[in-house]
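A.B. asks: Starting off with a structure, shown below.
Read-outs: derived from the displayed coordinates by stated rules, not from any lab. From a predicted model like this one, the values you see are computed outputs, not experimental measurements. Don't worry about glycine lacking a Cβ; one is built from the backbone with ideal geometry, like all the others, and counts go over all protein chains shown.
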Amino acid sequence: MPGAQDMPNSGRARSNHIILLSVLTGFALSIAASCRANKSAGGDEYVQTTAELAEEIPPPQDLLRTQYEAELAEAYPSDALPATATRSFELRAAPTTIPRDDGPPLEVWAYNGQVPGPVLRVRLGEELQVRLINELPQPTTIHWHGVRVPNAMDGVPGVTQDPVQPGESFTYTFVPKDAGTFWFHPHVRGAEQVERGLYGVLIVEDATPLPYSREEVWVLDDWRLGNDGLIDPHFVTRHDLAHDGRWGQRITVNGETELRVPASPGERIRLRLANTSNGRVYSLDFGALAPSVIAVDGMYTGGPLPMTGFDLAPGNRLDLDITVPLGSEGFSYQIVDRFTRRPHVVARIQVSGTPIETPAFDSPTNPNMPVWEGAPDQPLDVTWVLNARRGGERGIEWTINDRVWSEHEPTELEAGRWTRLQFRNDSARLHPMHMHGQFFKVIARNGEPVDEPYFRDTVLLRRRESVDVAMVPLDWGRWLMHCHILEHADSGMVTEIVVGE
Ligand code: C2O
Ligand code: CU
C-alpha cells in the first residue's frame, strides 16, 4: 500500500500503534513473547515483525473497523447500475419578477421563472441530464446537495468545474445511486444567489414508488426584505457574520407565508421537507397529526421515528409519513415552527370532504442501517474545530482548524475505510456542517454516545457543542465540507475532503 503510511487520516497508518498497544495491554501473550524475543535482536526487526503480525492477526480495533465497513457495504451501494433511461431538463437561471401573497411582486433570481425552482423528478435507475443556462449577471453553478454524483458533476467552482459564465451553459449528467429527497442550488456566491431565489428540489423516486395517497413537497425559506418590500440587497453583512447568518422576517413554504393545504380524512401523505434558508433553523410541530420521520437527508431511516427532537437546519431534508385522521373533517392542523422563542405558523392542513380509504403498507425503511456497536470507543481520526477570527474584508472570518478556505488543508480519507471524525464548535453560534458526496452517522454528542439510526449529510452544531460522526467514504474525489449557513461559508468556513486510495 504505497503512500498509505503518509496519509494523516489513514486507518492503516495506525496499525503499528495499535499493535504496540495490544502488546502492552497483554493481548495475545505469545505474540508479545515473540516480539520481545525479536526486539532483543534489533529495533528494525522488531518493527518489521509487528508489521507482519498486523497482516496475520488484526488487533481488535482493526477487526471492529473491518466489521463496520462490512455493515456499511449493506446499507447503500458504492456504484450506480447502468441507467435504463434518461430524463432531461433545462434550468434557466435569470432575474425575474414573481407575485407574492402578502405584498407587491418581488424581484428575484429564479430557475425557470419560479421560486422555489421546479421540482425535478427522476426514478432510481435512470440518468438525469440537466442543462443549466446562465442568464444571471454573475457566474454560477449547480450543486446537487446530498446526491452522490461523480465528482466532476458536483458543481464546485475551482474544485470540480469552472464557473458557468453569464450567457454560457453547462450540462450536468449523472445516475443517482440513492432514492430520496435532495435539492440543488448554486455554489458561487451562495449567500447571495440562494437568498435571491435560486434553489429547487430533486426527487429520486424509488424504483417502485409506494402507494401513498399523495406526495407533497414543502420548501422552507425565509426572506429578509427591506423597508421598500424588496429583497434586502446587502448580503454577507457584518451583522450576519457575527450571528447565525442571514435570518429573514418573511418565512415561506413554497413561496407562501402561510401555506394552506387541503386534505381528505384518511389520506396518507408523504411529505418531503427541505430547508433552503441561508441561516434559519426550523423545528416543526405538527401537533395531533403526529407524523413519522421515514427519511433524513434523503436516506431512509432504520425505522419510522417520532418527529420530536428533529431540527431542520439549512440544507437538511426530512421525509414524513402522515395519515390524516378519520373524523377530522373541518379541522385545520397548524404546523408551527418552534425553533425560536417566537412560535410561528408556517402552514395549515385543512381537512374536508368525504373520507378516503387509507393505503395500508409498512413505512419504508433501510433494513441495513449500520449499528456500529462500540463506535464511540474507537480513536478519533480527524478533528475539525469551528470558530471565528477577526480579519478579512468584512472584519470577521469563520474558520475550520483556524483556517479559512484559501488557507485550507485537505483532509485525506481512504475510500472504503471506516473513519471517526469530530466537529468541535468552539464558538457561540450555530453551524450546520455539510459534507458533499458522502453520508455520515452521528455517534456521539458532547462525548456522550448517541444512537441515531439514520445517515445525514448535514448536522447542526449548537453553541460550544461537539459532535462525533463516523463514515465509510465510498465516493472518490474532492468534496467540500462546510457550514451551510451560507454567510459563514462565504467568509471562510469551508474545507475539503479528498477521498481516494
Ligand atoms: Cu448545499 Cu456545498 O452545499
Ligand atoms: Cu456556521
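A.B. asks: Restricting to region 375-500, what percent of DSSP beta bridges are antiparallel, rounded to 5?
C.D. replies: Working: 32 of 41 bridges.
Around 80 percent of the beta bridges assigned by DSSP in region 375-500 are antiparallel ones.
A.B. asks: Using θ = phi - 60° and the Karplus form 6.51 cos²θ - 1.76 cosθ + 1.60, what ³J(HN,Hα) does each residue of region 265-273 get, whole Hz, x for Gly and Pro?
C.D. replies: Per-residue couplings from phi come out as x, x, 5, 10, 10, 9, 9, 9, 9 Hz.
A.B. asks: Out of residues 5 or more away from residue 461 or on other chains, whose amide H comes under 5 Å of its own, with H placed 1.01 Å from N in the peptide plane?
C.D. replies: Under 5 Å from the amide H of residue 461: 431, 433.
A.B. asks: Answer rounded, prolate or oblate for region 400-442, using the Cα gyration tensor with square roots of eigenvalues a ≥ b ≥ c: rounded when a/c is under 1.5, else prolate when a/b is larger than b/c, else oblate.
C.D. replies: Oblate.
A.B. asks: Quick one: helix 15-24 against the long Cα principal axis of the chain, what's the angle to the nearest 10°, folded into 0 to 90?
C.D. replies: 60
A.B. asks: Tilt of helix 29-41 relative to the longest C-alpha principal axis of the chain, in degrees (0 to 90, nearest 10)?
C.D. replies: 60
A.B. asks: When the dipole is taken about the Cα centre of the chain, and only Lys, Arg (+1) and Asp, Glu (-1) are charged at their Cβ, what size is it in debye, to the nearest 20?
C.D. replies: Here the size comes out at about 1020 debye.
A.B. asks: What ratio of Cα Rg to 2.2 N^0.38 Å holds for region 213-364?
C.D. replies: 1.13
A.B. asks: Further question on the same structure: If Lys and Arg each add +1 and Asp and Glu each add -1, what is the summed charge of the other residues whose beta carbon sits under 14 Å from the beta carbon of residue 229?
C.D. replies: After counting each charged neighbour, the total is -2.
A.B. asks: Calculate one ³J(HN,Hα) per residue across region 218-233 by plugging θ = phi - 60° into the Karplus curve 6.51 cos²θ - 1.76 cosθ + 1.60, and present them in order as whole Hz with x for glycine and proline.
C.D. replies: Listing the rounded values in order: 10, 9, 9, 8, 10, 10, 9, 9, x, 4, 7, x, 9, 4, 4, x Hz.
A.B. asks: Still on this structure, I have one more. When you have a sec, figure out the Kirkwood radius of region 121-200 from all distinct Cα pair distances and drop it here in Å to one decimal?
C.D. replies: Result for region 121-200, one decimal place: 13.0 Å.
A.B. asks: Using only the Cα atoms of region 375-500, build the gyration tensor, take square roots of its eigenvalues as a ≥ b ≥ c, and label the shape rounded, prolate or oblate: rounded if a/c is under 1.5, else prolate if a/b is larger than b/c, else oblate.
C.D. replies: Since a/c reaches 1.5 but b/c is at least a/b, the shape of region 375-500 is classed as oblate.
A.B. asks: List the residues, sorted by chain then number, that are 5 or more residues from residue 252 or on another chain and whose placed amide H is less than 5 Å from its amide H.
C.D. replies: Amide H neighbours of residue 252: 221, 222, 223.
A.B. asks: Using the Cα atoms of the chain to build a convex hull, what is its mean projected area in square nanometres?
C.D. replies: 25.9
A.B. asks: May I ask what percent, to the nearest 5, of DSSP beta bridges between residues of region 56-137 are antiparallel?
C.D. replies: The antiparallel proportion sits near 45 percent.
A.B. asks: Now for a separate question. By the scheme Lys and Arg +1, Asp and Glu -1, what is the net charge of all other residues having a beta-carbon under 14 Å from that of residue 364?
C.D. replies: For residues surrounding residue 364, the net value is -4.
A.B. asks: Let me ask another. Please label the shape of region 200-255 as rounded, prolate or oblate, based on the square roots a ≥ b ≥ c of the eigenvalues of the alpha-carbon gyration tensor (a/c under 1.5 means rounded; beyond that, a/b larger than b/c means prolate, else oblate).
C.D. replies: prolate
A.B. asks: Taking amide H positions as placed 1.01 Å from N in the peptide plane, with prolines and chain starts having none, which residues 5 or more places from residue 257, or on another chain, fall under 5 Å of its amide H?
C.D. replies: 101
A.B. asks: Sort out for me the Cα centre separation of region 253-317 from region 76-99, rounded to whole Å.
C.D. replies: 23
A.B. asks: Apply the Karplus parameterisation 6.51 cos²θ - 1.76 cosθ + 1.60, with θ equal to phi minus 60°, to every residue of region 384-399 and state each ³J(HN,Hα) to the nearest whole Hz, in sequence, with x for glycine and proline.
C.D. replies: Going residue by residue, I get 10, 9, 9, 7, 10, 9, 6, x, x, 4, 10, x, 10, 10, 9, 10 Hz, with x marking Gly and Pro.
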